[in-house]
Amino acid sequence: MESINKLSYIQKLRTYKRDPRSLVLFLLVIVSTILTIGLLLFLIGYIMIKGIPHIKPELFQWKYNTLNVSLMPALINTVIITIISLLIAAPIGIFSAIYLVEYAKKGNKLVAIIRITAETLSGIPSIVYGLFGLLFFVTALGWGMSLLAGAFTLSIMILPLIMRTTEEALKAVPNSYREGSYGLGAGKLRTVFKIVLPSAMPGILAGVILGIGRIVGESAALIYTAGTVAEIPKGSDFLFDSTRTLSVHMYALASEGLYVNQSYATAVILLIIVVLINYLSGFISKKLSKV
């Protein structure tokens, strides 16, 4: 059976004739959609055409030198700095959101200040985070340009994202779940960790994975905090070694002007990783929502 609200083309034309503004808005939406999709496809196609022919086995050698311009050290550094950043930001962001949603009283001024601060942090350009990391972690704390300084800077960057997505995921859990748990004699803590958090897990994981995507694509903040050394950290104090991530590696190759083709190849690998991360976010959310 066709939907009652479904309009035929003749009815739509009559509607547009009665109100020309509807036609203008409809055309603007169509044009905007075409431009957005077209620009996205153009960028992806341009990067693929420029980069795929230059993806060679030399790019995946274990050690970097001026002959192979390997991206493998940068790829491993990206994984390491992502893990450290998430270990710092994820617990703070998730537990902060739990406090704001489950424990804080409505109308609390502290809650309002925290939310305004989180929204402000989410709108700050990454270069400002980089300058803050340079002044505080690198200079004031004496860590130097290191893996640890870059990880702490990135954790501050993704903290608002994780906190806000977790907060929205917790708010989406129906109050009937909480009331049913309380009715069965469960306490506040048990209700939060046994009922609310499992129900909100798809949204929480989506926020964490999106945070991973931002870490992988970040370069400006890391240039000032982690450095640009194309080596894998070694030794017991590896956290204080200067490193470069995949996005910084791509920027360094492009800025030198000698390895432009290799920078396009690195861009292809980076693009594939970001697309897979976003796909994984949606896939996990769908799977967990069915559980």
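Annotation for region 56-80 versus region 153-226: alpha-carbon center distance of 34 Å. Placing dummy labels 7 Å off each Cα toward the beta-carbon, the span from Lys106 to Leu25 is 3.2 nm.
Debye-formula intensities of region 93-193, expressed as log10 I(q)/I(0) at q = 0.10, 0.15, 0.16, 0.19 Å⁻¹, are -0.41, -0.73, -0.79, -0.94 (one equal scatterer per alpha-carbon, no solvent).
The trypsin sites (Lys or Arg not before Pro) of region 82-183 meeting both criteria, a DSSP state outside H, G, I, E and B (loop) and at most 15 other C-beta atoms within 10 angstrom of the site's C-beta, are Lys105, Lys106.
A Cβ-based charge dipole, computed about the Cα centre of the chain with Lys and Arg at +1 and Asp and Glu at -1, lands at about 1320 debye.
Considering only Ser22, Ser176, Ser263, the mean-square fluctuation computed in a Gaussian network model of the chain, springs between alpha carbons under 10 angstrom, is largest for Ser22.
Quick check of the Kirkwood formula: for the chain, what is the inverse mean of 1/r over all pairs of different Cα atoms, in Å? Write down the numbers at each step before the final one.
On the way: mean 1/r = 0.0449 Å⁻¹.
About 22.3 Å, per the Kirkwood formula over Cα pairs.
Suppose R0 equals 25 Å. What FRET efficiency, 1/(1 + (r/R0)^6) with r the Cβ-Cβ distance, do Asn278 and Thr66 give to the nearest 0.05? So, using R0 = 25 Å, E works out to roughly 0.15.
Report, please, the projected area of region 7-124 averaged over directions, based on the convex hull of its C-alpha atoms, in nm².
Working: hull surface 62.7 nm².
Averaging across all directions leaves 15.7 nm² for the Cα convex hull.
The apolar share of the surface of region 49-163, taken as the fraction of accessible area on carbon and sulfur atoms (1.4 Å probe, ligands and nucleic acids excluded), comes to 74 percent. Taking a label point 7 Å from the Cα of Lys56 along the Cα→Cβ vector, which residues of region 249-275 have an amide N closer than 20 Å to it? Of the residues in region 249-275, 249-270 have backbone N under 20 Å from the label point off Lys56.
The values are calculated or read from the model by the stated rules, or taken from the named source; none is laboratory data. Keep in mind it's a predicted model, so treat the numbers as computed, not measured. Cβ coordinates were reconstructed from backbone atoms using ideal geometry, including for glycine residues, and neighbour counts include every protein chain displayed. For accessibility, only protein heavy atoms count, side chains too; no ligands or nucleic acids. Shrake-Rupley method; radii C 1.70, N 1.55, O 1.52, S 1.80 Å.
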